[in-house]
Amino acid sequence: MKRHLVIVGGSLVGHRAALAARRLDREIEITVLGAERHPPYQRPPLSKQLLAGSVSPDRVYMHGGNTAYTLRPGTVAHALDTSQKLVATSAGEVSYDLLVIGTGARPVQLAELPPGPSVIYLRTLDDALLLRSLFQEASAIAVVGAGFVGLEVASAARHRGIGVTVIDRAPRPLASVAGSGCSRVVQQLHEENGVEFLLGTAVTSWDPLTGTVTTGTGAERRVQAVVVGAGVVPATEWVEGELPVEAGKGVLAGADGCVEGYGQLGVAGDAGSWFHPLYGRYVHVEHYETAATQAAHLAANLLTDQATPLEEIPFCWSEQHGTLLQVLGPRSEYATEIELDTPSGKGWGYLENGRLEQVILLGSGANLDQWRQEITAQLRSA
Ligand SMILES: Cc1cc2nc3c(=O)[nH]c(=O)nc-3n(C[C@H](O)[C@H](O)[C@H](O)COP(=O)(O)OP(=O)(O)OC[C@H]3O[C@@H](n4cnc5c(N)ncnc54)[C@H](O)[C@@H]3O)c2cc1C
């Protein structure tokens, strides 16, 4: 009998794991269960080119799925029963032989800013389309959260001539991603492009009738839209109690992506954390390349019944005001920041116990591979 691979989450992990599995096995039955009504699409353009107007909505979809797997859109997984190998969904039970969890993450909601027609928590294509339509009329917006998504939206809005105020309770932008030296330069880049920052203060109220945002320091801004990018949490409630799940990290998996002791089952992308053999800890990454790489790696391990570990240094990118920002390695809260000698642009390194764990390059991508090798060498020698 044909084996059945079920992938829960019809986005990047769902698509990439399914394609990798199909390449390895022409016979296996592959079902992708996706909560959204859309087929898999790319999220990175949603906060950049789609808002700036340089990419149309029909260009964000991923290709090659139709012939490789069965997609069941609008199907929400509610629970997992590993003993029976069953996923309970909004459309009934689905049994599996092999299972990939790829349910990603969802935005953290702020009590002061309930989602509404002009308060957007940007995660999905539908969110981006709503925001894009608001951009057509807006002269001013507020962005709450100075992380990647918030800063990218700020950049896209400025390039459409819209006034932007970025509000964050942290004292600097990218506080959860970078050190203070990098944050300072990124803030400067935005200010040179006309972005206003209100930092070290949280939003205390929002009046949708007047479009007024008020912060803890009493600052008020009149805007036509509020975009919230206040972080995400793994969408793992449907497996909690059944699998090892840690707050903020999602489902915990070994270095091969499989959840130890639960048979032929694993997690990839924003929904989980893999043990990283070089960092020696569970690493949670909420970025594109890692989700795509883990999805294919896990599919190969599941289908071939192997446990090959993934040792790749996590990578992500962002683009703000036409400047590329690239990050190698996960953030460590206690790392020491040093400025790197780069031939162009700027760069920062982050040392933990004297070893280089993370590198951030702003506007200078040329020597990315060199830094990847350097981080790997230092982690191996420790
Ligand atoms: C606006 C935006 C811009 C980004 N830009 C960049 C960038 O420039 N660079 C970068 O490296 N990364 C970027 N990212 C991050 C990157 O897109 C994510 O890391 C990637 O999408 C993660 O893929 P995933 O498949 O793990 O999760 P997701 O893409 O979140 O997909 C998970 C899917 O599972 C579905 N789902 C959730 N729960 C259930 C359930 N119970 N049952 C069924 N389906 C369910 C969801 O609806 C969703 O479709 C960006 C993200 C966003 C939101």
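The values are calculated or read from the model by the stated rules, or taken from the named source; none is laboratory data. What you are looking at is a predicted structure, and each value in this text was computed from that prediction instead of being measured. A quick note on method: Cβ atoms are made from the backbone with ideal geometry, for glycine too, and the neighbour counts reach across all protein chains shown.
Taken over region 58-72, the criterion of being within 14 Å of the ligand (Cβ to nearest atom) and aliphatic (A, V, I, L, M) is satisfied by 60, 62, 71. Picking from residues in region 237-269 that are at positive phi and more than 16 Å from the ligand (Cβ to nearest atom), the one that is modelled with the lowest pLDDT is 263. Candidates are the residues of region 65-81 that are of a type in the set (Ser, Thr, Tyr) and surrounded by 16 or more Cβ atoms within 10 Å (Cβ to Cβ); the one that is farthest from residue 13 (Cα to Cα) is 75. Of the strands (runs of 3 or more DSSP E) entirely within region 276-328, those holding at least 1 residues that are farther than 21 Å from residue 101 by Cα occupy 315-320, 323-328. Of the residues 349, 365, 345, 272, the single one that is modelled with pLDDT of 95 or more and farther than 23 Å from residue 15 by Cβ is 349. With the condition kept exactly as written, say whether any residue in region 259-268 is under 15 Å from the mean Cα position of the chain (by Cα), assigned to a loop (DSSP other than H, G, I, E, B) and either surrounded by fewer than 16 Cβ atoms within 10 Å (Cβ to Cβ) or touching a residue at least 24 places away in the same chain (Cβ under 8 Å) (or both). Yes, region 259-268 contains at least one residue that is under 15 Å from the mean Cα position of the chain (by Cα), assigned to a loop (DSSP other than H, G, I, E, B) and either surrounded by fewer than 16 Cβ atoms within 10 Å (Cβ to Cβ) or touching a residue at least 24 places away in the same chain (Cβ under 8 Å) (or both). Here is a check on your reading of the model: is residue 322 outside the structural domain of residue 179 (by TED's automatic domain parsing), modelled with pLDDT under 95, within 16 Å of the ligand (Cβ to nearest atom) and not hydrophobic (A, V, I, L, M, F, W, C)? No; evaluated as a whole, the condition is false for this residue. When 140, 128 are checked against the criterion of being touching a Ser or Thr at 6+ places or on another chain (Cβ under 9 Å) and surrounded by fewer than 18 Cβ atoms within 10 Å (Cβ to Cβ), 140 stands alone in meeting it. The requirement of being farther than 21 Å from residue 174 by Cβ, of a type in the set (Ser, Thr, Tyr) and away from the ligand (no atom under 15 Å from the Cβ) is fulfilled somewhere in region 103-120, by at least one residue.
Being touching a residue at least 24 places away in the same chain (Cβ under 8 Å), in contact with a Gly (Cβ under 9 Å, 6 or more places away or on another chain) and within 11 Å of the ligand (Cβ to nearest atom) holds for only one residue in 75, 124, and it is 75. For region 286-313, a residue qualifies if it is among the β-branched types (Val, Ile, Thr) and within 12 Å of the ligand (Cβ to nearest atom), and the qualifying residues are 290, 293. What are the pairs, 6+ residues apart or on separate chains, where a residue within region 7-30 that is farther than 16 Å from residue 288 by Cβ has its Cβ under 6 Å from a residue that is within 11 Å of the ligand (Cβ to nearest atom) and at pLDDT below 95? Final answer for the pair search is none. Against the numbered list (1) loosely packed, with under 14 Cβ neighbours inside 10 Å; (2) within 13 Å of the ligand (Cβ to nearest atom); (3) without any contact (Cβ under 8 Å) to a residue 60 or more places away in the chain, residue 55 comes up short only at (1). Scanning region 78-102 for residues that are within 12 Å of the ligand (Cβ to nearest atom) and either in contact with a His (Cβ under 7 Å, 6 or more places away or on another chain) or not β-branched (Val, Ile, Thr) (or both) turns up 78, 79, 80, 88, 89, 90, 91, 102. Checked against the criteria, residue 283 does not count as within 19 Å of the chain's Cα centre (by Cα), within 29 Å of residue 48 (Cα to Cα), within 16 Å of the ligand (Cβ to nearest atom) and crowded, with 21+ Cβ neighbours inside 10 Å. Being under 17 Å from residue 140 (Cα atoms), touching a strand residue (DSSP E or B) at 6+ places or on another chain (Cβ under 6 Å) and touching a residue at least 24 places away in the same chain (Cβ under 8 Å) is a property that residue 220 lacks. When the criteria are applied in full, residue 212 meets the requirement of being without any contact (Cβ under 8 Å) to a residue 24 or more places away in the chain and over 25 Å from residue 60 (Cβ atoms).
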